[in-house]
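Take a look at the structure set out below.
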Amino acid sequence: MNSDLSRLQAYPFERLAALKAGATPPATLAHIALSIGEPKHAPPPFVLDTLRHSLSGLGAYPATAGTTELKAACGQWLERRFVLPAASVGPAQVLPVNGTREALFAFAQAVVDRGSGARPLVAMPNPFYQIYEGAALLAGAEPYFIDTPAENGFLPNLEAVPADVWQRVQLLYLCSPGNPGGAVMSVAQWQQALALAERYDFLIAADECYAELYADDTRPPPSLLNAALASGHAAFERCVVFHSLSKRSSLPGLRSGFVAGDAQLLEKFLLYRTYHGCAMPLPTQAASVAAWNDEAHVSENRRLYREKFAKVIPILLPHLRFTKPEGGFYLWADVGGDDEVFTRELFATQNVTVLPGSYLARSVNGINPGAGRIRISLVASVDECVEAARRIVDFCRQFH
């Protein structure tokens, strides 16, 4: 067996299940799950119709590179959404993937050079999406955790990373809007990361799966691609962005996304994926084209999340410490105590499940930056989120 498998840590939701084991919440209260970032809004009917009408495509092997129609739809969506120059994202710069999770993992396996001498580093924010860490370990690299302190707006403090660390980094994962803090990187901050990548010769994997969920219509989150063009990198050198229909279109089960950026990197990533055997089924590709080509359902999706924030934040804010996120659908709340105890007792007394913040982070120098916080995923219905907020307030009055 691959010895690096033994270095993988339990996934946050495995730990959460163990934490809740034995707790018996009141039977009179229906369970409200706010722990997993799984969108619960109704999928767009026209996407489901397209999927059903395309099932004959199951009779053919799909090409790993994707159909011409899907690659065009993804490239054109990038150009519209991020106001990129027309035809700046060509077919060689787009590759369909089965959701960003598998692609974020696979990318490290393709690009990390195990034969470079000292064990390579893969850098990532802390707290973080645990796939980054697993991808690093199974690619034969060592994860390097970059703090995302509250005083830095929950953005990764890139300036605090020593030069000798950057010299060993081969890949940097960044997420904007961030999970769990919801922080959005500006073009200037993306440019800072890109300048470091040029100086120290590493790649950037930009996880932008929450980019369509944002608070202010006048300030949609920018992409790493915007920063690349602003820095004179028309070919998006060293840059790969990851996008998904899971959050944007409430289609987590479709397992559809794409990566885009540096054509030379994607040429090699396509080679890896051809052997990996992860081509997207043709019906999924057809449904994805329909989803990427429509904006009305995305606007409605955003409206629902904004309604939840508008109703939930006033209820919770007097009792939990947090800032309204710029993007995403999480609240990253300071509970003023032990996050595991808070989570377990909240479930036991109120039948509401959240996620301990310490499960999303790693201790560095004895400090876990997620400790004392919980992640609240506003993925349930508006009414359920409001009801959960009221129950959390009732619990807070007892907890404190």
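The values are calculated or read from the model by the stated rules, or taken from the named source; none is laboratory data. Being a predicted model, the structure only gives us computed values, none of them experimental. Cβ sites come from the backbone with ideal geometry, for glycine too, and all protein chains shown count toward neighbours.
Points to keep in mind about this one:
- Checked across segment 25-46, the condition of being touching a helix residue (DSSP H, G or I) at 6+ places or on another chain (Cβ under 6 Å) and assigned to a strand (DSSP E or B) holds for at least one residue.
- Any chance Ala389 is in contact with a helix residue (DSSP H, G or I) (Cβ under 6 Å, 6 or more places away or on another chain), touching a residue at least 12 places away in the same chain (Cβ under 8 Å) and in a loop (DSSP other than H, G, I, E, B): no
- Residues (over 25 Å from Asp113 (Cα atoms) and charged (D, E, K, R)) located in segment 242-281: Lys247, Arg248, Arg255
For every residue, the table says whether it meets (1) of a type in the set (A, V, I, L, M); (2) crowded, with 17+ Cβ neighbours inside 10 Å; (3) over 24 Å from the mean Cα position of the chain (by Cα); (4) not assigned by TED's automatic domain parsing to the domain that holds Gly257.
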position: Gly337; (1), (2), (3), (4): no, no, yes, yes
position: Thr353; (1), (2), (3), (4): no, yes, no, yes
position: Leu360; (1), (2), (3), (4): yes, yes, no, yes
position: Val393; (1), (2), (3), (4): yes, no, yes, yes
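- Among the candidates Ala86, Ala60, the residue that is among the hydrophobic types (A, V, I, L, M, F, W, C), surrounded by fewer than 13 Cβ atoms within 10 Å (Cβ to Cβ) and free of Cβ contacts under 8 Å to residues at least 12 places away in the same chain is uniquely Ala86.
Listed here are the residues, each with its yes/no results for (1) buried (at least 21 other Cβ atoms within 10 Å of the Cβ); (2) farther than 22 Å from Val89 by Cα; (3) in contact (Cβ under 8 Å) with a residue 24 or more places away in the chain.
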| residue | (1), (2), (3) |
| --- | --- |
| Pro252 | no, yes, yes |
| Leu265 | yes, no, yes |
| Arg273 | yes, no, yes |
| Cys278 | no, yes, yes |
| Lys311 | no, yes, yes |
| Ile315 | no, yes, yes |
| Gln350 | yes, yes, yes |
| Pro356 | yes, yes, yes |
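Listed here are the residues, each with its yes/no results for (1) under 22 Å from the mean Cα position of the chain (by Cα); (2) exposed (fewer than 14 other Cβ atoms within 10 Å of the Cβ).
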site: Asp4; (1), (2): no, no
site: Pro12; (1), (2): yes, no
site: Thr28; (1), (2): no, yes
site: His31; (1), (2): no, yes
site: Ser35; (1), (2): yes, no
site: Pro44; (1), (2): yes, no
site: Asp49; (1), (2): no, yes
site: Ser56; (1), (2): no, yes
site: Pro91; (1), (2): no, no
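- Just one of the listed residues (Ala333, Ala310) is within 21 Å of the chain's Cα centre (by Cα), over 19 Å from Ala211 (Cβ atoms) and at pLDDT 95 or above, namely Ala333.
- Helices (runs of 4 or more DSSP H) fully within segment 140-247 that include at least 2 residues being crowded, with 18+ Cβ neighbours inside 10 Å and modelled with pLDDT of 95 or more: 187-200, 224-230.
- Positions within segment 233-250 being farther than 13 Å from Ala211 by Cβ and either touching a residue at least 60 places away in the same chain (Cβ under 8 Å) or small (Gly, Ala, Ser) (or both), in sequence order: Ala234, Ala235, Phe236, Val240, Ser250
- Screening Gly366 on (1) surrounded by 16 or more Cβ atoms within 10 Å (Cβ to Cβ); (2) without any contact (Cβ under 8 Å) to a residue 40 or more places away in the chain shows it passes everything except condition (1).
- As a summary of the residue check, Gln76 satisfies the conditions (1) modelled with pLDDT of 95 or more; (2) more than 18 Å from Arg248 (Cα to Cα) except for the one numbered (2).
- Here Ala286, Ala260 are screened, and the one residue that is at pLDDT 95 or above and surrounded by 22 or more Cβ atoms within 10 Å (Cβ to Cβ) is Ala260.
- Residue list for segment 351-400, restricted to those being of a type in the set (D, E, K, R) and either touching a Lys or Arg at 6+ places or on another chain (Cβ under 8 Å) or at pLDDT below 95 (or both): Arg397
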